[in-house]
1. Which of the residues spanning segment 123-167 are assigned to a strand (DSSP E or B) and either more than 18 Å from the chain's Cα centre (by Cα) or among the basic types (K, R) (or both)?
2. Go through segment 64-122 and report how many residues are assigned to a helix (DSSP H, G or I) and either at pLDDT below 90 or farther than 27 Å from H346 by Cβ (or both).
3. So, in segment 437-478, of the ones that are β-branched (V, I, T) and more than 24 Å from P100 (Cα to Cα), which residue ends up surrounded by the most Cβ atoms within 10 Å (Cβ to Cβ)?
4. Can L238 be described as surrounded by 13 or more Cβ atoms within 10 Å (Cβ to Cβ) and more than 31 Å from the chain's Cα centre (by Cα)?
5. Inspect segment 494-515 for any residue being surrounded by fewer than 10 Cβ atoms within 10 Å (Cβ to Cβ), assigned to a helix (DSSP H, G or I) and at pLDDT 80 or above and give the result as yes or no.
6. All but one of (1) of a type in the set (D, E, K, R); (2) touching a residue at least 12 places away in the same chain (Cβ under 8 Å); (3) over 18 Å from P11 (Cα atoms) hold for E208, so report the exception by its number.
7. Take the conditions farther than 14 Å from Y140 by Cα, modelled with pLDDT of 95 or more and of a type outside the set (A, V, I, L, M, F, W, C) and apply them to R186. Does it pass?
Amino acid sequence: MPLPSGGTWPPRNLDPIYQQYALHNAWYVGDSEQLAQAYEGHTGTRPANRPSQYRGGLVGWGARFFWGVPTPAGERRTKLHVPVASDIAAMCSKLLYSEPPSITVKDKAAQERIEELIEQGLQASLLEGSEVGSALGGYYLKAVWDKTIAEKPWLQAIHADAAVPEFRWGRLSAVTFHRLIEQDDRTFIRHLERHEPGYIFNGLYAGEAGALGKQLPLASHSETKVLKPVVETRIKRLSAVYFPNMRPQREWRNMPAGANLGRSDIAGATLGLMDALDETYTSWMRDIRQGKGRIHVPSSYIQNQGPGKGGYFDPDREVYEALDVLGGDQRMELAVTQFAIRVAEHRDTSAELLAAILRATGYSAQSFGLTGEVAVTATEVMAKERQSFTTTATKTVYSKPELATAVEMLLELEAELFGSSVTPERPTITFGDSVSADMLQLATTAELMRRAEAASDETLVRLLHPDWDDSEILAEVDRIAEARPTPVMDPFALPDEMTGPEGEDPETEGEQDGPPEE
């Protein structure tokens, strides 16, 4: 299928998906202006009666949120945002890829190339993609190459809101990436890059917001002049892979265009909880702002600065002249107004809302340091953060096959286009633990297994040193065997030839209790 010749962009059937992308992106970025615009629908203010609150659909839904209430005319925006969405996305990325996954193949040359990929930025691409994917529901890795930058191709992370995917039987069959490379008041210049099995198509378009416009020659812009309209990859698969964050996609599961996309960590009711948390913190700060002490002084305390210059109160002045006024001396007293700051109420409400948000996203409060407890050993960490590790393990189920496909695809591409001698092979993916094992616990386990004679030297070495390769492990096993003392013979033990099968004296073998038979 060729590149589009014009029309709306992104395609109209993806409007609900891209509206949700924009909303989730506003929460992820954490900018108050973006949040207000996402819920209010525009940058201006609305009339006080706001009939949009009574409407259905996305407009009515957004207007009923805290961030959907416009700031009244003449007042400054005082809404406060708590960056929970970005914290959750960052934690998701760290739990998945803070330790690089083990990517192994049988071919030695292919293994060396994979290790080179990890050192040159594959882990960084996975960290970036998984963080944004947590907010938007997924991300892509695509193969890119530019010999002016690097001699070999690499994998680049592409965000979900920069792609128009096509699925067949639940698998990605084609995808069109798009990026805005130039924009003025009305003109939007976009670069479209379509990936199909065996081919990559490039196109340049000049249009408007929401409209692709007419197609331009690639040579007409400095960003695309080095690109070819069609690139033959010579491989039978796509040169891009989609990584879903989680599935199923609850919101779009009955929508053909979105049923196969991943689910965001902040989708559904989590948005309402985060909105309520922002409202709670805003109310808390309002109490602090309005709780500032105010002093009310009689007009006789005000020092006149002259006609047209107003007056002021000097709090450091110690002596004032008494005045004969009605009501006596009490009319000369100062009055202080001090409103209460409801700290406990706001703190408890915020803590409960935050706990509900983390439960909805599948993470433990301990992962964010909210319990006030410090886990010392790996066992304690695993116990206190079990929910976080369970969620992470679920996400690896979706990431493992896609990462293996991406690495195998890149090896095939290098063999076809770059003359690589590496034999393409589908790797085995093993995700590392986000928390290093406690050495004392491992040593205790190894000692107990040794006493029970339930494990060999090699098994114990692999247990204590999971990061070692086979050569290092076998060398350590040999050193242990050499250092093990030779067992001392028991001087009172009978020689082997003098004992029976079970250590019995041959002379007594076969004897029975009782008198011999006649």
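1. Hits for segment 123-167 are K142, A143, V144, W154, L155, A163, V164, P165, E166, F167.
2. Of the residues in that region, 24 qualify.
3. Residue satisfying both the conditions and the ranking: V477.
4. no
5. Looking for residues that are surrounded by fewer than 10 Cβ atoms within 10 Å (Cβ to Cβ), assigned to a helix (DSSP H, G or I) and at pLDDT 80 or above, one finds none in segment 494-515, hence no.
6. Just one mismatch for E208, condition (3).
7. Against the criterion (farther than 14 Å from Y140 by Cα, modelled with pLDDT of 95 or more and of a type outside the set (A, V, I, L, M, F, W, C)), R186 does not qualify.
Residue-wise test of (1) surrounded by fewer than 18 Cβ atoms within 10 Å (Cβ to Cβ); (2) within 26 Å of the chain's Cα centre (by Cα).
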position: A269; (1), (2): yes, yes
position: D278; (1), (2): no, yes
position: R289; (1), (2): yes, no
position: P298; (1), (2): yes, no
position: Q303; (1), (2): yes, no
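The values are calculated or read from the model by the stated rules, or taken from the named source; none is laboratory data. Source: prediction; values computed, not measured. Using ideal geometry, Cβ is built from the backbone for each residue, glycine included, and neighbour counts are taken over all protein chains shown. Surface accessibility is based on the protein's heavy atoms, side chains included, excluding ligands, DNA and RNA. Shrake-Rupley method; radii C 1.70, N 1.55, O 1.52, S 1.80 Å.
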